[in-house]
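For reference, the structure discussed in these notes is given below.
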Amino acid sequence: MSLAIDVTNVSMRFDAKGRQVQALEGAALTIPAGRFASIIGPSGCGKSTLLRLVADIMQPSAGSIAVGGAPPRQSRRDHAIGFIFQSPTLLPWRSVRENIELPLDIVGRASARAAKRSPAELIELVGLKGFENALPAQLSGGMQQRVSIARALALQPEVLLLDEPFGALDEITRQRMNLELLRIWAESGTTALLVTHSISEAVFMSDTVHVMSPRPGRITAQLAIDLPRPRALAMMRSRGFFEAVNQVRDALFGRDVAETDGVQSAIETY
Amino acid sequence: MANPAAADRLRRTLMLLAPVLALLLALLAAEWLTARRALPVVIPAPSAVWADAMKNPAVVTRHLTPTVLKAAAGYAAAAAIALIAAAISSLVLVLRAPIYSLGVGIHSVPLIATTPLLALWLGTGPPTHVLVAALACYFPMLVGAMQGFAAVERNRRELFHMLSASPLQQLRYLVIPSALPYLFAGFKIAAPSAVLGTITAEWAGAELGLGALMLYALGAFDINKVWLAVLMACALSAAAYAFWAGAERLVIYWDSAAELRD
């Protein structure tokens with residue numbers, strides 16, 4: 001199977017107010033095409049930085065990255081990367097439909113016509129039928145993020161990068177949006193890489209969970225999640241889910257902490 | 001009221017009508033008080049000012065029109081220069097501070113002091129009046145444009161980077177719409193200043209204009225004419241502001257305040 005994302009030995013140094021900060025050191029991960037993978041780690045571990053390097057929003061200090069076999073810059077210019085920000089990042093002067101059409105406006109209508117999915121189909125896919133002409137300010141946070149998902153899919157990217165996309169939503173909406181996202185991902189056939197700091201979210205969504213440790217940021221564990229697809233909320237009560245969550249927690253905190261702090265970790269699971 | 005939409009509409013209508021009602025009340029009060037000589041200062045009855053204006057309407061248009069044209073010309077020139085200066089300052093970062101400082105300098109010098117100098121150098125013709133009008137209204141527009149061009153949210157810039165948008169596309173789809181609320185704020189505040197600048201310059205010497213009318217009327221102790229000129233100056237300032245406030249309502253249909261709350 002071909003690799004959609006291949007990160008090899010990537011390091012990233014920032015110059016923050018004259019002080020050198022080592023955000024990433026020797027980070028590596030591979031994601032086969034068509035999979036759903038996630039990166040989990042505590043705040044400030046460099047997981048968002050890693051995602052931005054893959055997206056060519058930033059360039060690494062050392063190491064190499066390939067997206068769909070090409071350097072990130074080329075993949076970005078070929079519109080092979082869709083990026084979903086933590087905030088919906090919509091243009092408030094554009095309606096729902098116009099926001100989704102923004103990528104088509106930028107590549108030009110001529111090449112946009114080659115797109116397999118029309119804006120109307122995308123609106124249907126993310127469940128916003130009837131809201132085409134609404135302005136972003138008239139939508140809830142969850143609906144705004146649906147618009148941004150449709151926009152990211154407008155040019156059929158090979159890779160979808162998600163930077164804590166539902167972090168600002170309440171828990172109930174967040175669960176519903178995660179189910180929606182899995183359905184959309186399955187229908188669109190893209191590769192997805194999700195950055196999150198929720199253990200249960202990472203397990204529920206992913207084929208593989210990449211665990212990061214901070215200072216300097218690096219991938220410390222790679223855990224395959226053996227839950228069947230399509231995923232359903234009922235699986236969150238299964239033994240397999242529980243065990244996977246514990247594995248991720250062990251990888252994040254180390255076995256000692258997880259055992260001596262057993263009560264606390266049991267509470268966090270639910 | 002049972003219907004909240006209707007209640008909201010009524011509230012909006014009242015808010016729009018409030019200044020008009022207040023003005024009418026003030027006029028009525030002035031009329032009533034002057035008729036009874038109940039005021040400690042000399043104020044002509046509004047009806048007397050009106051009758052005086054109607055006796056010779058040509059005086060009104062002869063002096064109002066040049067002031068309107070000169071204020072508009074100075075305003076347009078200042079707006080163009082402010083937009084260009086703000087664009088340069090957002091592209092060439094080393095020029096940002098000097099461009100802003102020059103604007104502060106222009107704004108800080110009292111025009112009432114520089115106008116006589118300009119009149120000495122350039123004469124008391126319309127060019128001086130237009131120049132002073134432009135100097136008076138330049139700074140708010142510069143600040144609005146500079147803030148506006150810098151108002152693009154970081155995430156949105158990254159979005160356009162991800163979409164590999166060209167600089168021209170960024171300007172059209174992102175920078176200009178993001179700047180519009182700030183531009184309108186600056187344009188709105190600057191509009192009455194252009195009127196003030198024109199009249200100030202006319203005071204230093206002019207054949208025609210509201211400032212000239214004021215001086216003539218003061219010299220002749222024609223109180224009705226003085227008041228007529230004052231009221232026309234006020235109305236012109238208010239109209240200039242209202243023009244841009246109305247344009248803003250038409251152009252900015254989205255909730256730009258929501259942006260600032262986020």
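The values are calculated or read from the model by the stated rules, or taken from the named source; none is laboratory data. What you see is a predicted model, and the numbers here were worked out from it, not measured in a lab. Methodologically, a virtual Cβ is constructed for each residue, glycine included, from the backbone with ideal geometry; neighbour enumeration extends over all protein chains shown. Heavy atoms of the whole protein, side chains included, go into the accessibility calculation; ligands, DNA and RNA do not. Shrake-Rupley method; radii C 1.70, N 1.55, O 1.52, S 1.80 Å.
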Task: Spin-label pair B:ALA238/A:ALA16, simplified geometry with 7 Å Cα→Cβ offset, distance in nm - done: 5.5 nm
Open item on the list: With +1 assigned to the C-beta of every Lys and Arg and -1 to the C-beta of every Asp and Glu, and no other charges, what is the dipole magnitude of the protein assembly as shown about the Cα centre in debye, to the nearest 20?
Closed with: 700 debye
Task: Relative contact order (%) - the range A:1-118, alpha-carbon pairs under 8 angstrom, separation at least six - done: 25 percent
Open item on the list: Heavy atoms of the protein only, probe of 1.4 Å, neighbouring chains included. What is the accessible area of A:MET236 in Å², nearest 10?
Closed with: 50 Å²
- [ ] In nm, give the distance between the simple-model label positions of B:TYR216 and A:ALA33, each being 7 Å from the Cα along the Cα-to-Cβ direction.
- [x] 8.4 nm
Task: Residue-normalised accessible area of the range A:42-89, given per residue in Å² at a 1.4 Å probe - done: 36 Å²
Task: Probe 1.4 Å, all protein chains present, accessible-area order of B:VAL226, A:VAL7, largest first - done: B:VAL226, A:VAL7
- [ ] Heads up, I need the accessible area for B:TRP254: 1.4 angstrom probe, whole protein in place, Å², nearest 10.
- [x] 20 Å²
- [ ] Provide the FRET efficiency to the nearest 0.05 for the A:ASP170-A:SER2 pair, computing r from the beta carbons and using R0 = 30 Å.
- [x] 0.20
Open item on the list: Given the whole protein assembly as supplied and a 1.4 Å probe, what does the accessible area of A:ASP226 come to in Å², nearest 10?
Closed with: 150 Å²
Task: Taking chain B and dividing mean pair separation by its residue count, relative contact order in percent (alpha carbons under 8 Å, at least six apart) - done: 23 percent
TODO: Give the Kirkwood hydrodynamic radius (Å, one decimal) of the range B:1-61, defined as one over the mean of 1/r across all pairs of different Cα atoms.
DONE: 14.5 Å
- [ ] For chain A, just say rounded, prolate or oblate: build the C-alpha gyration tensor, square-root its eigenvalues into a ≥ b ≥ c, call rounded for a/c under 1.5, and beyond that prolate if a/b exceeds b/c, oblate if not.
- [x] oblate
Task: Which of B:LEU93, B:VAL68, B:ALA136, positive extreme of dipole for chain B (C-beta unit charges) - done: B:VAL68
- [ ] Report, in degrees rounded to the nearest 10, the 0 to 90 angle that the Cα long axis of helix A:239-253 makes with the longest principal axis of chain A.
- [x] 70 degrees
- [ ] Can you sort B:SER164, A:SER75 by 1.4 Å-probe accessible area, starting with the largest?
- [x] B:SER164, A:SER75
- [ ] Take every Cα-Cα pair in the range B:122-209 and report what % of them are more than 21 Å apart.
- [x] 49 percent
Task: Per residue convex hull volume, Cα atoms of the range A:135-178, in Å³ - done: 74 Å³
Open item on the list: Quick check: from the Cα gyration tensor, does the range A:113-210 come out rounded (a/c under 1.5), prolate or oblate?
Closed with: oblate
Task: Contact order relative to length of chain A, as percent, for alpha carbon pairs under 8 angstrom and 6 or more apart - done: 25 percent
- [ ] Calculate, axis by axis, the spread of Cα positions in the protein assembly as shown along the three principal axes, and write the results as whole Å, longest axis first.
- [x] 98, 60, 53
Task: Under 14 Å, Cβ to Cβ, from B:LEU16 - net charge with Lys/Arg +1 and Asp/Glu -1 - done: +3
TODO: Quote the FRET efficiency, to the nearest 0.05, computed for A:SER238 versus B:ALA87 with a Förster distance R0 of 51 Å and r equal to the Cβ-Cβ distance.
DONE: 0.30
Task: Counted charge near A:MET12, where neighbours are those whose Cβ lies closer than 12 Å (Asp, Glu -1; Lys, Arg +1) - done: +2
Task: Pairwise centroid distance, computed over Cα atoms, of the range A:150-192 with the range A:1-38, Å - done: 21 Å
- [ ] Assign unit charges at the C-beta atoms only (+1 for Lys and Arg, -1 for Asp and Glu), then state the dipole size of the range B:167-262 relative to its Cα centre in Debye, rounded to the nearest 20.
- [x] 120 debye
Open item on the list: With unit charges on the beta carbons (Lys and Arg positive, Asp and Glu negative) and the dipole taken about the Cα centre of the range A:80-185, which residue among A:SER148, A:GLY108, A:PHE131 sits farthest to the positive side?
Closed with: A:GLY108
TODO: Using label points projected 7 Å from each Cα along Cα→Cβ, tell me how many nm separate B:ARG11 and A:SER140, to one decimal.
DONE: 2.5 nm
- [ ] May I ask you to list the residues of the range B:183-204 whose amide nitrogen lies under 20 Å from a point 7 Å from Cα along the Cα→beta-carbon direction of B:LEU120?
- [x] B:200-204
Open item on the list: Counting protein heavy atoms only and a 1.4 angstrom probe, how many square angstrom of accessible surface do chains A and B bury in total, to the nearest 100?
Closed with: 2100 Å²
TODO: From largest accessible area down, sort B:MET146, B:MET15; use a 1.4 Å probe on the protein chains.
DONE: B:MET15, B:MET146
- [ ] Please list the equivalent ellipsoid semi-axes of chain B, computed as the square roots of five times the alpha-carbon gyration tensor eigenvalues, in descending order and whole angstrom.
- [x] 40, 28, 13
- [ ] State whether the range B:29-98 is rounded, prolate or oblate according to the following rule on the C-alpha gyration tensor (a ≥ b ≥ c being the square roots of its eigenvalues): a/c under 1.5 gives rounded; otherwise a/b larger than b/c gives prolate, and the remaining case gives oblate.
- [x] oblate
